[in-house]
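Report on the following structure.
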Amino acid sequence: MSYKVTKADNASSSSGEKFQTFEDLEVYKAAREFRKAMYGLTRRLPDFEKYDLASQIRRASVSLTNSMAEGHGRFHYPDQIRFFLHSRGSLQELVDDLNVCVDENYLSSDEVAKLKEQARKLLILINGYLRHLRNRAIVRESDGEDPQRIEDLENLPL
């Protein structure tokens, strides 16, 4: 899916930046791949986990990417940051679910280690994008834009 975006005739962009959707973000692409891997894992869990652990993994996996999409759609940087923090929380929840899979012998330690490595790389991307958003917000504040909303950034952990 892509979005067709046109500029008004009187609008000009000196930076030459192209409009980006959330689907263009590298962090979203990596999160989507991780979500697919986690969904695949749920298909292999025992039947009695179908409505418990598997359901929880699916919900957290969807929350991971949904929060990124919703955050990207927000106008204010503090709002975007909050949603990406929520994505980061969902990722950590999924890592704990992987621990359950090892503890209950649903998956091999090697398979879980590979998924955890994928999660670690995704965490690095999320943290990098959070730094990017925070830096953009600080630049906007120094330009005199929306200072009351920028103050909220001081309370958001990275």
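The values are calculated or read from the model by the stated rules, or taken from the named source; none is laboratory data. What you are looking at is a predicted structure, and each value in this text was computed from that prediction instead of being measured. We place every Cβ from the backbone using ideal geometry, glycine too, and count neighbours over all the protein chains shown.
The figures follow:
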read-out	value
Single residue of region 34-58 satisfying the filter (within 20 Å of Ala119 (Cα to Cα) and hydrophobic (A, V, I, L, M, F, W, C)) that is surrounded by the fewest Cβ atoms within 10 Å (Cβ to Cβ)	Ala37
Residue satisfying condition, being more than 23 Å from Leu125 (Cα to Cα), at pLDDT 95 or above and in contact with a helix residue (DSSP H, G or I) (Cβ under 8 Å, 6 or more places away or on another chain), within set Leu64, Leu53, Leu85	Leu53
Residue in region 103-110 that is more than 13 Å from the chain's Cα centre (by Cα), under 17 Å from Gln56 (Cα atoms) and part of a helix (DSSP H, G or I) present	yes
Criterion (in contact with a Gly (Cβ under 7 Å, 6 or more places away or on another chain) and either surrounded by 18 or more Cβ atoms within 10 Å (Cβ to Cβ) or in contact (Cβ under 8 Å) with a residue 60 or more places away in the chain (or both)) met by exactly one of Gln118, Gln80	Gln80
Number of the exception - Leu107 against (1) of a type outside the set (Val, Ile, Thr); (2) in contact (Cβ under 8 Å) with a residue 40 or more places away in the chain; (3) crowded, with 19+ Cβ neighbours inside 10 Å	(3)
Residue in region 87-98 that is among the β-branched types (Val, Ile, Thr), free of Cβ contacts under 8 Å to residues at least 40 places away in the same chain and either surrounded by fewer than 19 Cβ atoms within 10 Å (Cβ to Cβ) or not in a helix (DSSP H, G or I) (or both) present	yes
His72 closer than 21 Å to Lys29 by Cβ and of a type outside the set (Asp, Glu)	yes
Pairs, first over 15 Å from Glu33 (Cβ atoms) in region 60-71, second in a helix (DSSP H, G or I) and hydroxyl-bearing (Ser, Thr, Tyr), C-beta under 7 Å, six or more apart	Ala60/Ser90; Ser63/Ser90; Ser67/Ser87; Ser67/Ser90
Filter result (surrounded by fewer than 17 Cβ atoms within 10 Å (Cβ to Cβ) and among the aromatic types (Phe, Trp, Tyr)) within region 59-77	Phe75
